[in-house]
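Got a structure for you, written out below as structure tokens; questions coming shortly.
The values are calculated or read from the model by the stated rules, or taken from the named source; none is laboratory data. Just so you know, these numbers come straight off a predicted model, no measurement behind them. When we count neighbours, we look across all protein chains shown, and the Cβ atoms used for this are built from the backbone with ideal geometry, even at glycine.
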Amino acid sequence: MNITKESIDELNARVTIKLEPADYQPQVEKTLKEHARKANMPGFRPGKVPVGVVKKMYGTSILVDEVNKLLGNKLYEYIGNEKLEILGNPLPSETINPTADWENPKELEFTYDLGIAPNIELNLGKKFQFDYYKVEATDKDIENSLENIAKRSGEMIEHDTIVDNDLVKVMWVELNEDGSIKEGGVMNSSSISLDVINDEAKKSLLGKKLDDSLNVTYTDFSTSETDMAAMLGVSKEELPNVSKAFKITVEKIQRLKTAELNDELFKKLYPDGSVTNLDEMKEKIRADYRNYFGNESDRKLKNDIVLDLIKNTKFELPDEFLKRWLRTVDEKKPTAEEIEKEYVNYQDGLRWQLIENKVIRDNDIKVSMDDLKAGVREQLLQQFAYYGMQQADGEMMDEMVEKFMKREDEVKKVNDQLYDKKVMDLFKEQATLNEKKVDSEKFYEMLGKETK
């Protein structure tokens, strides 16, 4: 076996692998014998099929399979030994055809194109500076939060007349074209929230009382087939066969009575006594907003840093190789024109990935197993908090972490997040951050302008 590399330019290389029969024939013969032992053919006892018969029937396909396995193993072994940093995967050359007579194999020669990762010079000097926003909640934010807390802590009270924002339970009865009740038709009881239906449907219900009936078109109450099917108690597949005309009868009218922000509510929401009056609740909300906006500021800072480094870190990519590689890995088999259109976005993502990898290597950033388990634990605690669940005790939490660690895809996500955080922590240390105080309204106004 002989493997040689030819450098086309700094970003493209070509590797040629020459195989002699001694390189592949022993494995081919071994595989033929294995097939013969397992073969089940008419006229032969199981396990007694002659190797020559198997070779005649399957010899070429077995040869191709074994040679391809050998090529893949040796190619990546060579790339590793030579410490070649490649982009994408090696591709069979489009300009040099393989020398391979599969029917009469002797010396076989194959050539592969490689896209080489560029050298990157990263400059985090005096110009590496960014605005960092300290965001404060507005009085409107605080009032909205108090209003939401009062609603979430409120109770539904039954009434006898429908007004705006009520929750109304109705009986749906399917009708014929002449307005009569359809025999064997749909009949289902479900609730309608007046704050989510359109104005015409809402207008038809306002002022109605318990046991009042009216004829409606059910499609006026939603634009979602899933919601309409649930409303009528049928499947989405059955929906096209259902008449649009229905009679609805009001069965129940409920209205939210918001909770009063008083001592009773404070004790219920904060049994630890951390909040005992309205002013303390406002300060608690303000602190929660401060933490939330801190995360939002970090996200904006990261976005600003990424865009800055992509724009100002100059290096070339093997563009033509990458476009060709993208066509081979996309299951949808996009055209060259489609790849050209999407390449700009892919290119920016790859540039950032290469920059981030360089930062990780140059600064010896690592995520240890202890880091990973701590990250998994933190994610689980956040999930508990989000769903309002009680935190598990230490032993149970340890068991949950170990169980989570067996989910490879999820663990990889946590691992990537931890690397990302460590890189951003490094950037925050090395960058000059110009701290600016803004309220939430101005902050979101800035974010809105960036997305336009």
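Out of the helices (runs of 4 or more DSSP H) lying entirely within segment 253-360, which hold 3 or more residues that are in the same structural domain as Phe443 (by TED's automatic domain parsing) and of a type in the set (Ser, Thr, Tyr)?
Counting at least 3 such residues, we get 278-312.
Also, quick follow-up: Restricting segment 1-51 to residues that are among the hydroxyl-bearing types (Ser, Thr, Tyr) and surrounded by fewer than 14 Cβ atoms within 10 Å (Cβ to Cβ), which is farthest from the chain's Cα centre (by Cα)?
The extreme case among them is Thr4.
Residue by residue, here is whether (1) assigned to a strand (DSSP E or B); (2) surrounded by fewer than 13 Cβ atoms within 10 Å (Cβ to Cβ) holds:
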site: Ile192; (1), (2): yes, no
site: Val196; (1), (2): no, yes
site: Glu200; (1), (2): no, yes
site: Asn215; (1), (2): yes, yes
site: Asp220; (1), (2): no, no
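Still on this model: Only residues in segment 97-119 that are closer than 28 Å to Asp9 by Cβ count as the first member; pair them with residues that are of a type in the set (Asp, Glu) and part of a strand (DSSP E or B), Cβ under 7 angstrom, at least 6 apart or cross-chain, and list the lot.
That search, which allows pairs on different chains as well, returns Pro98/Glu109; Thr99/Glu109.
Could I ask something else about it? Go through (1) more than 30 Å from Asp308 (Cβ to Cβ); (2) surrounded by 11 or more Cβ atoms within 10 Å (Cβ to Cβ); (3) at pLDDT below 90; (4) in contact with a helix residue (DSSP H, G or I) (Cβ under 9 Å, 6 or more places away or on another chain) one by one and return the number of the condition Gln390 breaks.
All conditions are met except number (2).
I would also like to ask the following. Looking at (1) surrounded by 15 or more Cβ atoms within 10 Å (Cβ to Cβ); (2) closer than 24 Å to Phe293 by Cβ; (3) among the hydroxyl-bearing types (Ser, Thr, Tyr), which one does Thr432 not meet, given that it meets all the others?
(1)
Inside segment 339-368, can you point out the residues that are out of contact with any helix residue (DSSP H, G or I) (no Cβ under 9 Å at 6 or more places or on another chain) and farther than 29 Å from Val423 by Cβ?
Once the filter is applied, which keeps residues that are out of contact with any helix residue (DSSP H, G or I) (no Cβ under 9 Å at 6 or more places or on another chain) and farther than 29 Å from Val423 by Cβ, segment 339-368 yields only Lys341.
Further question on the same structure: Return the total of residues in segment 1-21 being acidic (Asp, Glu) and part of a strand (DSSP E or B).
2
Among the candidates Lys366, Lys436, Lys421, Lys406, which residue alone is assigned to a helix (DSSP H, G or I) and of a type in the set (Lys, Arg)?
From the options Lys366, Lys436, Lys421, Lys406, the qualifying one is Lys421.
Another one. Mind checking which residues of segment 129-164 are under 30 Å from Leu210 (Cβ atoms), assigned to a loop (DSSP other than H, G, I, E, B) and not polar (S, T, N, Q)?
Within segment 129-164, Gly154, Asp160, Ile162, Val163, Asp164 qualify.
Let me ask something else. With the requirement that a residue be touching a helix residue (DSSP H, G or I) at 6+ places or on another chain (Cβ under 6 Å) and within 19 Å of Leu167 (Cα to Cα), what does segment 218-245 give you?
Asp220, Phe221, Ser222, Ala229
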